[in-house]
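Take a look at the structure set out below.
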Number of protein chains: 2
Amino acid sequence: VPGLSDPAVFVGREGVRAGVVVTGTEVLSGAVADRNGPWLSERLARLGVEVVAIEIVGDRPAEIRCALEQIGARGVSLIVTSGGLGPTADDLTAAVVAEYCGRRQTLDGTLEARIQAIVEASLARWPGADREALLAGVRKQATVPDGATVLAPRGTAPGLVVAPAPGRAGPTVVVLPGPPSELQAMWEEAAASEPFRRAIAGAAVLERASARLYGLPEAEIARTLREASAAGVDLSGLEITTCLRRGEIELSARFEPARRADYEALIAFIAGRHREQLFSPDGATIDEQVASMLLAARATIAVAESCTGGLLAARLTDRPGSSAYFIGGLVVYANAAKSELAGVDPALIRAHGAVSEPVARELAAGACARLGATVGVGVTGIAGPGGATQDKPVGLVWLAVAHAPPGGALRLRSERVQLAGDRPAIRERATTVALHMVAEILRSAAAGV
Amino acid sequence: VPGLSDPAVFVGREGVRAGVVVTGTEVLSGAVADRNGPWLSERLARLGVEVVAIEIVGDRPAEIRCALEQIGARGVSLIVTSGGLGPTADDLTAAVVAEYCGRRQTLDGTLEARIQAIVEASLARWPGADREALLAGVRKQATVPDGATVLAPRGTAPGLVVAPAPGRAGPTVVVLPGPPSELQAMWEEAAASEPFRRAIAGAAVLERASARLYGLPEAEIARTLREASAAGVDLSGLEITTCLRRGEIELSARFEPARRADYEALIAFIAGRHREQLFSPDGATIDEQVASMLLAARATIAVAESCTGGLLAARLTDRPGSSAYFIGGLVVYANAAKSELAGVDPALIRAHGAVSEPVARELAAGACARLGATVGVGVTGIAGPGGATQDKPVGLVWLAVAHAPPGGALRLRSERVQLAGDRPAIRERATTVALHMVAEILRSAAAGV
């Protein structure tokens, strides 16, 4: 299959199972979105551990205990918790886990000194802080279950790996802090610890692979799967899921290594049926593809965006190293800005409106010219909820891409889309459409079309 | 308490409890972040229903059933599910819920006709689609539990409200589709349905309020809470949580209406202790404050940003109506773009480097001048992971804000911050710092300082 690279080796659901318990009233109440559950699930999968559930509960000890009991009852070998390790009195996860594992808690003097050193260093930055209050927090954070493996604090909170007390059954519990950067920094040490390795011993490795399609309704891919099966592709050993994501379809599969040929046959069948739409048989995102194509062509890119308000530039710069190809962007919200910054003829705006094909084309050409980039993108649309007119509804977006290779002729393509969803969805989907247009113009330029 | 407005009336944990079950292997595996759990939790709270847990499970019927059983066993009156209502064979939530509620499933002819009409309309947009495959999906989506209240489809999937079969105990289950826009559009109808109202009858209303602080370590607020208590503020009737969010501390409280005076006394105590840091006693975000101040001053804003790559412009435009004050932005990634678009003297960049105070100041002044805005913001920093030097580590960001009222003198302030976290965290926190600087310069301008 052309373009089907080796998948990342993910890990499977044979045998070893785990659960994730995310604690925090602010997460349960919807005030803060949880980032730890999905991250932990993906990391556990890489280790061959199937996650059976991610459960979010409040800060109250009874709720945390109930979640541990219920997930523990599903035959998991490991439970990973996040949150509730801070210095304040409502952070109680370590105490609840100690009780669940049948272990007492003791103040760890070495750990106390270590956390205290971190806190003393930060006192320099907060000259008004109360030293005594901070030290009380240190003692709380240094009080840990007997026999637990202590993970070095990244903020001030140490992590813990707590096996059940001798003679007691149940999962080993990995206790991690809530801030995602601290949790992530602590993960490798947790996964390498002796009680963790013991708990997941025997995890079987499954492979995982994914592919992406653009410009196809989800029901179509379901039909194609049925037809592949009818045409003799053996899907019985593939666990397949499809989902819509940012305006694309992502197809994911997990399988035993022996079933790889079946997966490749499926992708070949899909490629035959949806050649235009299967832009990523290897699961690479359109962001990755655009970055690679720009680097390969030694091309640069600039944008002039209105309704997306900076999101397209932000998406093009969210990858490290993007300064190699991203030159800059113009966020041209006001009509005067469209003209002065991107060079859009004010007469065009008067004649066709700001959301129109001619304006999108001048934005793209203007981004190229003003920033000296090989590729320029123009986006103008109505993100809503206001701003719609009789013939220009919310969700209408005009996009254009200009390609001006050094010494070559300017090529300009434009497209009108009608996007569904609310303001954030429309803004985000418009960036996806823009990236696909960039990929297409770079692909046809590379092919000399 | 000055600035303490009436809080949104949220609702509480007395009596009526609910659980949320989010289904989807793509969510459980970490491929897609769940947005429905937090949204549903917040909506249920407004109705006086306490959410005891949000559980994310895979697409497999046994897992969904297990989650329903376990959450059902916690004494909840209502369970809300999201996901698994699509047209494909791996979408099985409705069938599992029917079984859990003791009800058979039947093809609903009226519903079938209704979904078919939606699908026929979309066929026009997908000329290559297979009509038969789509109609098979329609029949699957129109097969619903006997006696269920059907919620009108927003995409193609109908929602359901399913009470236990006559003579059977257990919670009522609300079955909603996975795409957040469809789920949200269906919510009001679900909450108004007769079985939903019956399930939550008697929910007691608690109030909820929040406040925000900036520039304070989290342990400090814990100390202040202890001191407030010691000084006689009665905290016993307040359920308080604090969390760090985008570089700010958010303090949230839930309380019975009779305890409002205690909450107000607490906020007054905090205001006395942290007058500078308590920028929002009423919970308004810095985004809301900046928007209000710009509107009140009839001021406009423009930005010139480097390391944040468009995120500051995107944040300033994510609110509907932002075109009233946001003129535009310059995303000046390359040094040439900094000079050509924002007018930064190339000699300054050579002398001090792109990440420096003089460059931040010229970016701010350039944003003002080039876009004709009252307020200009300049941001330049090292988001990492690469790009650090001996004296300019990852996380170093220089920011400047210029204020140029019509006919008034230009005021320019700059600030150096050292931000913690990974590339996305540094980029996001830099936008928070920028907004606080904008608020400060507008506040002092309004005060005539």
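Here the condition is being out of contact with any strand residue (DSSP E or B) (no Cβ under 7 Å at 6 or more places or on another chain) and over 30 Å from B:Leu68 (Cβ atoms); of B:Leu213, B:Leu235, it holds for B:Leu235 alone. Scanning region A:18-35 for residues that are of a type outside the set (Val, Ile, Thr) and assigned to a loop (DSSP other than H, G, I, E, B) returns A:Gly24, A:Ser29, A:Gly30, A:Ala31, A:Ala33, A:Asp34, A:Arg35.
Please verify whether A:Ala8 is open to solvent by 10 Å² or more (accessible area, probe 1.4 Å), more than 30 Å from B:Gly75 (Cβ to Cβ) and modelled with pLDDT under 95, treating the condition exactly as stated. The answer is yes for A:Ala8. Flag: A:Ala133 matches the condition of being on the phi < 0 side of the Ramachandran plot, modelled with pLDDT under 90 and assigned to a helix (DSSP H, G or I). Under the condition of being of a type in the set (Lys, Arg) and more than 10 Å from chain A (Cβ to nearest Cβ), the residues counted in region B:64-79 number 1.
Does region A:80-122 hold any residues that are at the interface with chain B (Cβ under 9 Å from one of its Cβ atoms) and assigned to a helix (DSSP H, G or I), and which are they? If you could, list the steps in order and put the result at the bottom.
Keep residues of region A:80-122 that are at the interface with chain B (Cβ under 9 Å from one of its Cβ atoms), which gives A:86-90, A:119, A:122.
Scanning region A:80-122 gives A:Val119, A:Ser122.
Can you find even one residue in region A:400-417 that is aliphatic (A, V, I, L, M), touching a residue at least 60 places away in the same chain (Cβ under 8 Å) and open to solvent by less than 10 Å² (accessible area, probe 1.4 Å)?
Our first condition is that a residue be aliphatic (A, V, I, L, M); within region A:400-417, this holds for A:400-402, A:404, A:409-410, A:412, A:417.
Within this subset, residues satisfying the condition of being touching a residue at least 60 places away in the same chain (Cβ under 8 Å) are none.
There is no residue in region A:400-417 that is aliphatic (A, V, I, L, M), touching a residue at least 60 places away in the same chain (Cβ under 8 Å) and open to solvent by less than 10 Å² (accessible area, probe 1.4 Å).
Quick one: is B:Glu256 out of contact with any helix residue (DSSP H, G or I) (no Cβ under 7 Å at 6 or more places or on another chain), within 11 Å of chain A (Cβ to nearest Cβ) and open to solvent by 10 Å² or more (accessible area, probe 1.4 Å)? Walk me through it before giving the result.
Working: out of contact with any helix residue (DSSP H, G or I) (no Cβ under 7 Å at 6 or more places or on another chain): yes; within 11 Å of chain A (Cβ to nearest Cβ): no; open to solvent by 10 Å² or more (accessible area, probe 1.4 Å): yes.
Here the answer is no, as B:Glu256 does not meet what is asked.
Residues checked against (1) of a type in the set (A, V, I, L, M, F, W, C); (2) under 30 Å from the mean Cα position of the chain (by Cα):
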site	(1), (2)
A:Glu112	no, no
A:Val119	yes, no
A:Ala124	yes, no
A:Pro153	no, yes
A:Thr156	no, yes
A:Val162	yes, yes
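Look at (1) more than 21 Å from A:Tyr325 (Cα to Cα); (2) of a type in the set (A, V, I, L, M); (3) within 12 Å of another protein chain (Cβ to nearest Cβ); (4) buried (at least 16 other Cβ atoms within 10 Å of the Cβ) and you find that B:Ala360 fails only one, number (3).
Applying the criterion of being within 11 Å of another protein chain (Cβ to nearest Cβ) and within 20 Å of the chain's Cα centre (by Cα) to the residues of region A:191-239, the residue that is modelled with the highest pLDDT is A:Ser210. Once region A:36-63 is narrowed to residues that are more than 7 Å from chain B (Cβ to nearest Cβ) and assigned to a loop (DSSP other than H, G, I, E, B), the residue that is farthest from A:Glu207 (Cα to Cα) is A:Arg60.
Inside region B:15-33, can you point out the residues that are β-branched (Val, Ile, Thr) and closer than 11 Å to B:Gly58 by Cα?
To start, the set of residues in region B:15-33 that are β-branched (Val, Ile, Thr) comprises B:16, B:20-23, B:25, B:27, B:32.
Hits for region B:15-33 are B:Val21, B:Val22, B:Thr23, B:Thr25, B:Val27.
For region B:168-175, the criterion of being within 22 Å of the chain's Cα centre (by Cα), crowded, with 21+ Cβ neighbours inside 10 Å and either of a type in the set (A, V, I, L, M, F, W, C) or within 28 Å of B:Pro87 (Cβ to Cβ) (or both) is met by none of the residues. Of a type in the set (Ser, Thr, Tyr), without any contact (Cβ under 8 Å) to a residue 60 or more places away in the chain and in contact with a strand residue (DSSP E or B) (Cβ under 6 Å, 6 or more places away or on another chain), is that true of A:Thr380? Taking the combined requirement at face value, the residue does not satisfy it. Of the residues making up region B:322-334, those that are at the interface with another protein chain (Cβ under 7 Å from one of its Cβ atoms), among the small types (Gly, Ala, Ser) and open to solvent by 10 Å² or more (accessible area, probe 1.4 Å) are B:Ser323, B:Ala334.
Hey, can you tell me all the residues within region B:308-321 that are aliphatic (A, V, I, L, M) and open to solvent by 20 Å² or more (accessible area, probe 1.4 Å)?
Here is the first cut: in region B:308-321, the ones aliphatic (A, V, I, L, M) are B:311-314, B:316.
Scanning region B:308-321 gives a single hit, B:Leu311.
Looking at this structure, is B:Val119 open to solvent by less than 60 Å² (accessible area, probe 1.4 Å), of a type outside the set (Phe, Trp, Tyr) and modelled with pLDDT of 90 or more? No; evaluated as a whole, the condition is false for this residue.
For region A:418-449, a residue qualifies if it is open to solvent by 50 Å² or more (accessible area, probe 1.4 Å), touching a residue at least 12 places away in the same chain (Cβ under 8 Å) and within 14 Å of chain B (Cβ to nearest Cβ), and the qualifying residues are A:Gln418, A:Ala420, A:Asp422, A:Glu428, A:Arg429. Can A:Glu340 be described as away from chain B (no Cβ under 14 Å), touching a strand residue (DSSP E or B) at 6+ places or on another chain (Cβ under 9 Å) and under 27 Å from A:Ala299 (Cβ atoms)? Criteria not met by A:Glu340. Contact map, region A:329-348: residues that are farther than 23 Å from A:Thr374 by Cβ paired with residues that are among the acidic types (Asp, Glu), Cβ distance under 8 Å, separation 6+ or inter-chain. Pairs shown: A:Ser339/A:Asp345; A:Asp345/A:Glu362; A:Leu348/A:Glu362.
The values are calculated or read from the model by the stated rules, or taken from the named source; none is laboratory data. If you're wondering where the values come from, they're calculated on a predicted model, not measured in any experiment. Here the Cβ is made from the backbone with ideal geometry for all residues, glycine too, and neighbour counts use every protein chain on show. Side chains are part of the model used for accessible areas, which takes the heavy atoms of the whole protein and leaves out ligands, DNA and RNA. Shrake-Rupley method; radii C 1.70, N 1.55, O 1.52, S 1.80 Å.
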